[in-house]
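The structure appears right after this line, and notes come after that.
The values are calculated or read from the model by the stated rules, or taken from the named source; none is laboratory data. Please read these numbers as outputs of a predicted model, since none were measured by experiment. For neighbour counting, all protein chains shown are included, and Cβ atoms are generated from backbone atoms with ideal geometry for every residue, glycine included. Heavy atoms of the whole protein, side chains included, go into the accessibility calculation; ligands, DNA and RNA do not. Shrake-Rupley method; radii C 1.70, N 1.55, O 1.52, S 1.80 Å.
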Amino acid sequence: MHELGIVFHVIDRVEEVAKENDVKHISKVTLEIGEVSGVVHEYLTDCWKWAVNGEKAKSEVLRGSQLCIQSLPAVTVCNSCTKTYETVKYGRICPFCKSEDTVLLSGNEMSIKEIEAD
């Protein structure tokens, strides 16, 4: 389950941002996650809850904070006809010209979009 590692990385980065900005408590963190990133949103949310709640919370700055996840659509471009299309719906084969010469443009990324402080 790599989601736990992701949560620890996000916590580390958010703690750095909080320290740089002299913030004592973060109430909400919003992540953008591509729909073909391989991250399971439910696992990520469960790991987050485990890491920020209860007596054994891994971060005082994030204790009790909420995690919001925004899904980013996967988009592929065809090198043959230069059109873009929905990756999940059509896969690697271009629905316009049937070429397999395609490249994923977006949808496998993950980033911290927003951090809300009290």
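Open to solvent by 30 Å² or more (accessible area, probe 1.4 Å), in contact with a Ser or Thr (Cβ under 8 Å, 6 or more places away or on another chain) and assigned to a helix (DSSP H, G or I): does that describe Glu32?
No, not satisfied.
Is there a residue in region 91-98 that is open to solvent by less than 40 Å² (accessible area, probe 1.4 Å) and in contact with an Asp or Glu (Cβ under 7 Å, 6 or more places away or on another chain)?
no
Any residue that is out of contact with any Cys (no Cβ under 6 Å at 6 or more places or on another chain) and at pLDDT below 95 - is there at least one of those in region 8-30?
No, region 8-30 contains no residue that is out of contact with any Cys (no Cβ under 6 Å at 6 or more places or on another chain) and at pLDDT below 95.
Can you name every residue in region 54-84 that is part of a loop (DSSP other than H, G, I, E, B), open to solvent by 70 Å² or more (accessible area, probe 1.4 Å) and either closer than 30 Å to Thr102 by Cβ or in contact with a Lys or Arg (Cβ under 8 Å, 6 or more places away or on another chain) (or both)?
Passing the criteria: Pro73, Asn79, Ser80, Thr82, Lys83.
Which residues, counting only those in region 1-24, are surrounded by fewer than 14 Cβ atoms within 10 Å (Cβ to Cβ) and either among the aliphatic types (A, V, I, L, M) or outside any helix (DSSP H, G or I) (or both)?
Result: Met1, His2, Asn21, Asp22, Lys24.
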